[in-house]
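Right, one structure below, let's go through it.
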Amino acid sequence: MSTEERLRQELHRASATLPPMGVDFEATVRRGRSARHRSRVGTLAAAIVVLAGAGVATVLARSLPGADVPPVLDAPPSSTPAQPEPTPSPSASAVPGAGVEQVEPVLRTWLEAIQDGDEERVGG
Amino acid sequence: MRSHSVDDEFEAFFNAHAGGLERFATMLVGDPVQGAELAQEALVRVYARWGRVSNGTPTAYARTVVLNLVRSAHRARRVRRAAAVPDWAARGDADLRDSEGQVADQMRVVPALQQLSPVRRATVLLRFYEDRSIQEVARLLGRPEGTVQSDIHRALNQLRPLLEEPTTEGGQR
């Protein structure tokens with residue numbers, strides 16, 4: 001007899017010696033409702049945190065030095081060559097840009113992984 | 001009304017698949033009590049996400065949840081062996097003959113299975129216990145068919161000596 005066949009037979013015999021305990025439908029539904037409620041509250045709280053974080057990031061970005069400097073319109077003529085306009089630093093511009101649209105899919109995947117009990121996706 | 005229809009749909013799913021899921025979980029961990037708990041946890045999650053899950057394959061989702069729970073416990077056991085983890089996870093290379101001497105012969109396959117990684121164990125169960133095709137196993141576990149085939153090949157190589165071992169007293173290892 002091949003190993004596959006032997007394995008098949010032994011698995012079915014072992015299954016017969018492991019009596020099912022039975023899963024209670026009512027308890028499952030009750031816990032499922034509770035889990036769904038918790039999940040909704042968690043998602044709402046996470047959304048609030050993300051939006052608040054994005055709002056804070058935007059406010060901080062606007063209050064960064066140089067963010068509110070008005071453009072020089074009538075600079076006095078001078079003989080010195082005009083200084084090249086400083087380019088905005090990537091970190092300053094990335095703060096508002098890395099807002100909701102980049103964070104949301106990551107957060108959603110993370111929340112789904114938590115609900116699925118998938119630690120690899122949560123950790124990764 | 002919507003909740004009623006969700007409950008009705010879920011009840012139909014539960015009646016059709018809860019038994020199979022429980023047997024799968026029990027064989028995966030080698031313990032009926034823990035198997036029932038794992039199956040219920042998976043079904044709770046299926047219910048909680050029924051709106052999304054019901055459009056796909058809830059049975060696959062439920063099995064994935066069971067497998068992920070077992071893998072998490074397996075990892076936890078590896079990380080902190082001394083900590084309190086479920087019996088079935090802590091047993092690892094379990095030998096049920098110690099506690100269930102009278103069923104030693106028939107249960108030989110269960111401790112043998114525990115020597116495989118959770119994913120390989122699930123692959124073997126889906127293929128040889130539930131008699132699913134390679135394609136189905138790959139779909140259920142979300143793994144490429146080649147990987148499933150390779151897992152089965154390696155699992156059989158690992159199990160072969162254990163399955164063919166003579167059933168003498170304390171014969172394991």
Between B and A, accessible area buried - total, square angstrom, nearest 100, 1.4 angstrom probe: 3900 Å²
Using a 1.4 Å probe and ignoring any ligands, DNA or RNA, find the accessible area of B:Tyr61 and quote it in Å² to the nearest 10. 40 Å²
Per-residue average of Cβ from other chains inside 10 Å of B:15-28: 2
With R₀ set to 30 angstrom, the calculated FRET efficiency between the beta-carbons of A:Leu51 and B:Ser5, to the nearest 0.05, is 0.35
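The values are calculated or read from the model by the stated rules, or taken from the named source; none is laboratory data. Quick caveat: nothing in here was measured; it's all calculated off a predicted structure. Ideal geometry is used to build each Cβ from the backbone, glycine not excepted, and the neighbour counts take in all protein chains shown. When the accessible area is computed, the model is the full protein with side chains, heavy atoms only, and any ligands, DNA or RNA have been set aside. Shrake-Rupley method; radii C 1.70, N 1.55, O 1.52, S 1.80 Å.
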